[in-house]
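First up is the structure itself, then whatever we jot down about it.
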Amino acid sequence: MDANLLLTVVGIIVALFLFLYLLPVNLWFTAQLSGVRVSLLNLFLMRLRKVPPSLVVNAMITSTKAGLNINSNEIETHYLAGGHVNNVIKALISADKANIPLDFKLATAIDLAGRDVFDAVQLSVNPRVINTPPVAAVAKDGIQLVAKARVTVRANINQLVGGAGEETILARVGEGIVTTIGSSVNHKQVLENPDRISKTVLEKGLDSGTAFEILSIDIADIDIGDNIGAKLQADQAEADLKVANARAEERRAMAVASEQEMRAKAQEARAKVIEAEAQLPLAMAEAFRTGNMGVMDYYRMQNLKSDTDMRESISKPNKGKQS
């Protein structure tokens, strides 16, 4: 009998716990005391939909106390979509206190897009300073300048979904710095008025299409780099020298080739002369045989040759001494 009684008591306790789990009366009572109107049936259906009733009720209590009008159906929908309910509620309360226009639909869209909506609201209230990496640019006089800037931004709530991030801001600011320095007549003009860079870059509207609003751009530091113009001129002079040397070498090679060609032609002519001289004795012998030439003719020819050699020796004394 005692065992049956014990089993009955255990059954009653289990049934009571199961009943309280499916119908969280204490949670319903807390909601009623906090001014949140939610029925026990709705809490029971939340259990069946695998939505934690405590999460929904606590979020509704918090939002109601903050003066926000959010119903349980909206909270359930966002939870089932994989959103962060508590983060959205905190963001809505912070935005409401800071007079930042933000409704539940936009907040949940930002949250489901993967951005921290509460951090975005905090960034709208407290702007963030982004330090750009060193940006190198060359003025028109060829002097390189290396600039660093501090960009003060705050979140643009309406552009958080689909808007570009910090990397785009840094890239655009760097491009603006390079353009401004590059359009300066000389580097001294930039060093004398560094705020000119900030004003010029801000006028370009670099924050369009991004999730941020640029409040200010301050040039933190400008260093003088290399004389790029002088380096380019030196490189150009060296390149011109190489081209001139190559052309001179080409002309020298052509002259050597021409000289070699003339020598070859001279050798060819000399060979022809030698060949002709070799034919002379044969012609003279033939003339003796046919009677066209006599002995006296031969002697006269030899005397003429000797006279010619003597005249050449007299006209070229140095050659005579050398020989």
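The values are calculated or read from the model by the stated rules, or taken from the named source; none is laboratory data. Here the structure is a predicted model, which means the values were calculated and not measured. With ideal geometry, Cβ positions are generated from the backbone for all residues, glycine too; neighbour counts draw on all protein chains shown. Just so you know, the surface numbers come from the protein's heavy atoms only, side chains and all, with ligands and any DNA or RNA stripped out. Shrake-Rupley method; radii C 1.70, N 1.55, O 1.52, S 1.80 Å.
Of the helices (runs of 4 or more DSSP H) contained entirely in segment 1-98, those carrying at least 2 residues that are modelled with pLDDT under 85 and of a type in the set (Gly, Ala, Ser) fall at 2-22. Of all the residues in segment 152-161, those that are part of a strand (DSSP E or B) and either aromatic (Phe, Trp, Tyr) or open to solvent by 50 Å² or more (accessible area, probe 1.4 Å) (or both) number 1.
Does segment 52-65 hold any residues that are farther than 12 Å from Ser34 by Cα and open to solvent by less than 30 Å² (accessible area, probe 1.4 Å), and which are they? Passing the criteria: Pro53, Val56.
Given the criterion over 22 Å from Thr210 (Cβ atoms) and either in contact (Cβ under 8 Å) with a residue 60 or more places away in the chain or small (Gly, Ala, Ser) (or both), identify the matching residue among Ala81, Ala149, Ala98. Talk me through it step by step, then tell me what you get.
Details: Ala149 fails: over 22 Å from Thr210 (Cβ atoms); Ala98 fails: over 22 Å from Thr210 (Cβ atoms).
None of the other options fit; the residue is Ala81.
Does Gly209 satisfy the criteria of being in contact with a strand residue (DSSP E or B) (Cβ under 9 Å, 6 or more places away or on another chain), under 30 Å from Ser94 (Cβ atoms) and small (Gly, Ala, Ser)? Don't jump to the end; show me each part of the working.
Values: in contact with a strand residue (DSSP E or B) (Cβ under 9 Å, 6 or more places away or on another chain): yes; under 30 Å from Ser94 (Cβ atoms): yes; small (Gly, Ala, Ser): yes.
When the stated conditions are applied, Gly209 passes them.
In segment 225-236, of all residues being open to solvent by 60 Å² or more (accessible area, probe 1.4 Å) and assigned to a helix (DSSP H, G or I), the one that is farthest from Pro134 (Cα to Cα) corresponds to Gln236.
Table: residues versus (1) out of contact with any Cys (no Cβ under 7 Å at 6 or more places or on another chain); (2) open to solvent by 30 Å² or more (accessible area, probe 1.4 Å); (3) within 19 Å of Gly165 (Cβ to Cβ).
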{"site": "Tyr79", "(1), (2), (3)": "yes, yes, no"}
{"site": "Lys90", "(1), (2), (3)": "yes, yes, no"}
{"site": "Ile93", "(1), (2), (3)": "yes, yes, no"}
{"site": "Ala98", "(1), (2), (3)": "yes, yes, no"}
{"site": "Ala113", "(1), (2), (3)": "yes, yes, yes"}
{"site": "Ala120", "(1), (2), (3)": "yes, no, yes"}
{"site": "Arg128", "(1), (2), (3)": "yes, yes, yes"}
{"site": "Asn131", "(1), (2), (3)": "yes, yes, yes"}
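For Ala164, indicate whether it is touching a Gly at 6+ places or on another chain (Cβ under 7 Å), farther than 30 Å from Pro101 by Cα and either free of Cβ contacts under 8 Å to residues at least 60 places away in the same chain or surrounded by 21 or more Cβ atoms within 10 Å (Cβ to Cβ) (or both). For Ala164, the condition - touching a Gly at 6+ places or on another chain (Cβ under 7 Å), farther than 30 Å from Pro101 by Cα and either free of Cβ contacts under 8 Å to residues at least 60 places away in the same chain or surrounded by 21 or more Cβ atoms within 10 Å (Cβ to Cβ) (or both) - is not met. The residue list Ser306, Ser313 contains one member that is touching a Lys or Arg at 6+ places or on another chain (Cβ under 9 Å) and modelled with pLDDT of 75 or more, which is Ser313. The single condition from (1) at pLDDT 85 or above; (2) part of a strand (DSSP E or B); (3) over 30 Å from Leu92 (Cβ atoms) that Pro133 fails is (2).
Kindly indicate whether any position in segment 210-222 is at pLDDT below 80, under 20 Å from Pro133 (Cβ atoms), surrounded by 12 or more Cβ atoms within 10 Å (Cβ to Cβ) and out of contact with any His (no Cβ under 9 Å at 6 or more places or on another chain).
No: zero hits.
Pairing each residue of segment 118-129 that is among the basic types (Lys, Arg) with any residue that is assigned to a strand (DSSP E or B), provided the two are 6+ apart or on different chains, yields C-beta distances under 8 Å for Arg128/Thr152; Arg128/Val153; Arg128/Arg154. When we screen Ala264, Ala269, Ala255 for residues that are at pLDDT below 85, assigned to a helix (DSSP H, G or I) and either touching a Phe, Trp or Tyr at 6+ places or on another chain (Cβ under 6 Å) or more than 30 Å from Ala120 (Cα to Cα) (or both), the only hit is Ala269.
Out of the residues in segment 100-111 that are assigned to a loop (DSSP other than H, G, I, E, B) and open to solvent by less than 40 Å² (accessible area, probe 1.4 Å), which is nearest to Arg154 (Cα to Cα)? Among residues in segment 100-111 that are assigned to a loop (DSSP other than H, G, I, E, B) and open to solvent by less than 40 Å² (accessible area, probe 1.4 Å), the one nearest to Arg154 (Cα to Cα) is Ile100. Just give me the residues in segment 176-199 being under 30 Å from Ile100 (Cβ atoms) and either surrounded by 14 or more Cβ atoms within 10 Å (Cβ to Cβ) or of a type in the set (S, T, N, Q) (or both), in sequence order. Residues satisfying the conditions are Gly176, Ser198.
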